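Structure, as structure tokens:
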Amino acid sequence: MRKGFNPMGGGMNMNQLMKQAKKMQDEMAAMQEEMASKTLEVSSGGGAVKVTVSGEKKILDLTISPDVVDPDDVEMLQDLVMSAVNEALRQIEESTNSQMSKLTGGLNLPGMF
């Protein structure tokens, strides 16, 4: 490698790069902590099934109205539960991706969340 050659281009030196990486790492850790503490409640069937999930994508609570429990139509209840859970997980994922995008300026970092 030639003396004075900077593969990063421009005037950025390794010290600056390391400082930026450390700052981003700290911001990501803070964002992960903030996201983990968030909760989201979603319902389906006009409120017949409600699910609460954490930012860590864990189900915290699931409420089923007795009015929708029909032994002759278990499939409907299963569909309502799946619908509520999937929508809650989708919204948490969307929120996480939005926060991550703000932090990275749109840079895609697979596997971070």
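Pop the C-beta distance of Q91 and Q16 into the FRET formula with R0 = 41 Å and round what comes out to the nearest 0.05. It comes to 0.65.
The listed peptides 27-35, 78-86, ordered by packing as a protection proxy, come out as 78-86, 27-35 (highest mean of other Cβ atoms within 10 Å first). Between A29 and S83, the distance separating the two model label sites (each 7 Å from Cα on the Cα→Cβ line) works out to 4.3 nm. Think of a 1.4 Å ball rolled over the protein heavy atoms: region 25-107 then has 62 Å² of accessible area per residue.
Pairs spanning more than 27 Å between alpha-carbon atoms, out of K22/K102; K23/K50; K57/K102; K19/K58; K22/K58: K23/K50; K19/K58; K22/K58.
What the Cβ-Cβ distance of L103 and L62 gives, at R0 = 35 Å and to the nearest 0.05, is a FRET efficiency of 0.65.
The values are calculated or read from the model by the stated rules, or taken from the named source; none is laboratory data. These numbers were taken from a predicted model, which means no experiment stands behind them. In this analysis, Cβ positions are derived from the backbone assuming ideal geometry, glycine residues included, and neighbour counts consider all displayed protein chains. In case anyone asks, the SASA skips ligands and DNA or RNA and just uses the protein heavy atoms, side chains included. Shrake-Rupley method; radii C 1.70, N 1.55, O 1.52, S 1.80 Å.
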